[in-house]
1. How many percent of DSSP beta bridges within the stretch 111-213 run antiparallel, rounded to 5?
2. Looking at A24, V174, F79, which one has the Cα that reaches farthest to the positive end of the dipole of the chain (charges on Cβ: Lys, Arg +1; Asp, Glu -1)?
3. Pop out the ³J(HN,Hα) list for the stretch 144-156 in order, Karplus 6.51 cos²θ - 1.76 cosθ + 1.60 with θ = phi - 60°, rounded to Hz; leave Gly and Pro as x.
4. Taking the Cα centre of the chain as origin, sum charge times position over the Cβ atoms of Lys and Arg (+1) and Asp and Glu (-1), and report the length of that vector in debye to the nearest 20.
5. Size of the dipole of the stretch 47-125 about the Cα centre, Lys and Arg at +1 and Asp and Glu at -1 on the beta carbon, nothing else charged, in debye to 20?
6. Is the stretch 53-200 best put as rounded, prolate or oblate by its Cα gyration tensor, with a ≥ b ≥ c the root eigenvalues, rounded for a/c under 1.5, and otherwise prolate when a/b is larger than b/c, oblate when not?
7. Cross-link partners among aspartates and glutamates for K41, C-alpha distance below 13 Å, same-chain residues fewer than 8 apart left out?
8. Roughly what angle does helix 33-50 make with the longest principal axis of the chain, taking Cα atoms, 0 to 90 degrees, to the nearest 10?
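Quick note: the coordinates plus some simple rules give every number you see, no bench work behind them. Predicted model only: the values in this text are computed from it and were never measured. For neighbour counting, all protein chains shown are included, and Cβ atoms are generated from backbone atoms with ideal geometry for every residue, glycine included.
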Amino acid sequence: MKKSPIVLSMCLAGAGLGSTFTHADTLEVISSGGFYSSMEKLIPLFEKQTGHTVHLSSGSSMGASPTAIPNRLDRGERFDVVMLAAPELSKLAEKGYVDPHSQRALVNSSIGMAVPKGAPKPDISSAAKFEQVLLNAKHIGYSASASGTHLEKDVFPSFPPVEYKLISSKAEKVVGDRVAKRIAEGQFDIGFQQISEIKPFTGQYGQVDLVGPIPAPYQKVTVFAAGIGKHSEHAKAAKELIQFVKSPQATQTIEEQGLEQVKQ
């Protein structure tokens, strides 16, 4: 006798063959730009391995943009997993949006400099040469998130007053968009953002070139971390996702994006 689809499904589950998807969940995940491209590549692998479905959203770690992660959470949006700069994640935990015990460091991310594709790459191999590049630039773009905040608050003001005024007059904060995208559109001759946010716009079919990481003492490595939403109904699956991102399976993908996986 031919079994109905329902009976067949029950038989398979009883035999353990259908168990992979028995407890599959749909996760709402938000990531800041520094780790977003890595997540785009990792999610299909995680979904195939676990049967879970992941909906990925993007937003900056901080700033005035309506799409910034803290602002979205303030408006009442809820996510099962939140991924952004570690200090900002801790603030979200303090505000009750993220389970403070779930926070895990994911990657170390460095600030890079980009130019339009095919343009001469300035020499930024030393602090002195980097300083000269800033002074010579016509129009400088920087992000509204962690890397740009560092440039705006720490790097630019470290110059003497006259030079600081010159650099500030040429520098523009990019809100709600990728700096590399704006470079590709011809709005800046140099721009700064996390290397992992520049990488997707480079390569054979890209429209920008990565010059490299900015030098010490101006470099600042940002730790990006993940936490589980305080009111998540899928905390177990959320934990699985974070563990997957920290696993050896994810290492190559993460490193290809210009990031360093945090092992512990």
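1. Numbers: 9 of 16 bridges.
Expressed as a percentage, antiparallel bridges in the stretch 111-213 total about 55.
2. Result: A24, furthest along the dipole toward the positive end.
3. Whole-Hz 3J(HN,Hα) from phi for the stretch 144-156: 8, 9, 4, 5, x, 4, 5, 5, 5, 8, 10, 6, 4.
4. Numbers: 28 positive and 26 negative charges, 66 e Å.
Taking the Cα centre of the chain as origin, the dipole is about 320 debye.
5. 180
6. On the way: a/c = 2.21, a/b = 1.89, b/c = 1.17.
Note, shape of the stretch 53-200 comes out prolate.
7. Counting by Cα, and skipping residues close in sequence, K41 has these aspartates and glutamates nearby: E255, E256.
8. Approximately 20 degrees, to the nearest 10.
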